[in-house]
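Here the structure comes first, spelled out in structure tokens, and everything after it is commentary.
Taken together, the values in this text are just the output of simple stated rules run on the coordinates, not laboratory data. Just so you know, these numbers come straight off a predicted model, no measurement behind them. Every residue, glycine as well, gets a Cβ built from its backbone with ideal geometry; the counts of neighbours run over all protein chains shown.
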Amino acid sequence: MNLKNLEAFYWVVTLNGFNKAAHKLQMTQPAISQKITSLEEDLGFTILDRSSRTIKPTSKGMTLFKYAEKFIRLETDLVLELSDNQNLTGTIRLGVSETIVYTWLTEYIEQVQKKFPYISVEIVVSLTPSLQEGVQNGDLDMAFLLGPTIQFECVEHALGEFELCFLAAPTFPGSIGQISFKNLMSNTILTYPRLTYPYKELKAQMKEKNIDEPLSITSYSLEVLLRLAEQGVGIALVPKLTAIQEILDGRLEVLNTPVQLKPLNFTAIYTQGSNTALKEKLSELAIFISRNEMNKLNQRQ
């Protein structure tokens, strides 16, 4: 069997479409179709059920898919063993959550430039659902996002967690001593939109303690939330490490509250296939940089 044909089959099934597979492999749709046809001719049986509206492998096709995944992984392991970082080339489309941008992305990109001098990186900053979709459909090669909530087949590596805290301007009247949950919720809360974890977790705790939902201003932009908090518009509920500079400069203060929220956990994800060896190395570097930079930020508190 031609491994390139096998790779085309893998991506047609994984991305559920010939056009998406063609985009992922930088080929034309007819070329992908030809590879599938050639693979079926080599094997002597049908591997895709063409009677369905969606792309579905036949029973033998599903068996082939499992082995295709193993072949691709084996090829990746071989390349990792033999390759030299200085000789790796290509372009990686990297999706990133804004929290990462505010903490260790700059150091990460600088290290990528040093260790992989012939690799170009295209950065897309977006929300976790959009980043997940981008990796799944092949628009992105890899992403650093909130997890683990991945609903499709991919490789995932933990990148660390971020403690959530309540921040307010120094002029906030409740900044001295512990502020009760009820008094805290009597203020305008500045945080992520209603469908995100911080808002939903806070709302659940309010419901448990029979506290009315506060006025809120929500945004996916950390910049907006932090600037509004500095101006005294309300209390920001954001990852603490994203506001280290504002805290050190005295522009914002961490409020002492009895509210305990679970930290945000971030992961690196990518699918196997083209450039898997490179994505594996870039993920390993992200793990190393995230741990180092997070330790430095924690020491600055």
Practice task
Answer rounded, prolate or oblate for region 164-254, using the Cα gyration tensor with square roots of eigenvalues a ≥ b ≥ c: rounded when a/c is under 1.5, else prolate when a/b is larger than b/c, else oblate.
Solution key: oblate
Exercise for the section: Note down the relative contact order for region 164-254 as a percent, whole number, built from C-alpha pairs under 8 angstrom at least six residues apart. Expected result: 48 percent
Exercise for the section: Report the chymotrypsin sites (Phe, Trp or Tyr not before Pro) located in region 199-301 that are in a DSSP loop and have at most 15 other Cβ atoms inside 10 Å of their Cβ, or state none. Expected result: Tyr220
Completion exercise
Mean Cβ-within-10 Å packing, highest first, puts peptides 206-213, 238-245, 49-56, 4-11 in the order 4-11, 238-245, 206-213, 49-56
Completion exercise
A chain fully extended from Gln151 to Gln29 at 0.36 nm per residue, minus the present Cα-Cα distance, gains in nm 41.3 nm
Problem - Overall Cα dimensions of region 186-231 - principal axes, largest extent first, Å - result: 31, 21, 10
Fill in the blank from the handout: Here, Leu195 and Ile217, labelled 7 Å along Cα→Cβ, have an inter-label distance in nm of 2.3 nm
Fill in the blank from the handout: Farthest towards the positive end of the dipole of region 3-82, among Phe71, Leu15, Leu25 and with Cβ unit charges of +1 on Lys and Arg and -1 on Asp and Glu, lies the Cα of Leu15
Exercise for the section: Please sort by residue number the GluC sites (Glu not before Pro) in region 88-187 whose DSSP state is loop and whose Cβ has at most 15 other Cβ atoms within 10 Å. Expected result: Glu153, Glu163
Exercise for the section: For Thr58, enumerate residues with amide H under 5 Å from its amide H, sequence gap 5+ or separate chain, H modeled in the peptide plane. Expected result: Leu48, Asp49
Problem - Karplus (6.51, -1.76, 1.60) ³J(HN,Hα), θ = phi - 60°, over region 101-110, in Hz, Gly and Pro reported as x - result: 4, 7, 10, 10, 5, 4, 4, 5, 5, 4
Exercise for the section: Send over the Kirkwood Rh of region 115-271, from the inverse of the averaged 1/r over different Cα pairs, rounded to one decimal Å. Expected result: 17.1 Å
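So what is the relative contact order for region 3-82, in percent, with contacts set as C-alpha pairs under 8 Å and at least six apart?
That works out to 29 percent.
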Handout entry: When each of Lys20/Lys115; Lys4/Lys60; Lys262/Lys296 is checked by Cα-Cα distance, pairs over 24 Å
Key = Lys20/Lys115
Exercise for the section: Name the residues whose placed amide hydrogens come within less than 5 Å of the amide hydrogen of Val238, ignoring near sequence neighbours (fewer than 5 apart) on the same chain. Expected result: Cys165, Leu167
Completion exercise
For the chain, averaging the sequence separation of alpha carbon pairs under 8 Å that lie six or more residues apart and dividing by its residue count, the contact order in percent is 22 percent
Problem - Ratio Rg/Rh [Cα only; Rh per Kirkwood] for the chain - result: 1.08
Practice task
For region 3-82, just the Cα set please: Rg and Dmax, both in angstrom.
Solution key: 12.5, 43
Problem - Label-point separation in nm, Met1 to Ser186, each point 7 Å along Cα→Cβ - result: 6.8 nm
Handout entry: Degrees between helix 3-15 axis and first principal axis of the chain (Cα, 0 to 90, nearest 10)
Key = 40 degrees
Handout entry: Projected area, mean over directions - region 75-137, Cα convex hull, nm²
Key = 5.1 nm²
Problem - Karplus-derived HN-Hα couplings along region 259-264 (A = 6.51, B = -1.76, C = 1.60, θ = phi - 60°), whole Hz, x at Gly and Pro - result: 7, 10, 10, 5, x, 8
Practice task
Starting from the Cα of Gln178, step 7 Å along the direction of its Cβ; do the same at Phe45; then give the gap between the two resulting points in nm.
Solution key: 6.7 nm
Handout entry: Length gained when the stretch Arg53-Glu122 is fully extended (0.36 nm per residue, less Cα-Cα span)
Key = 21.4 nm
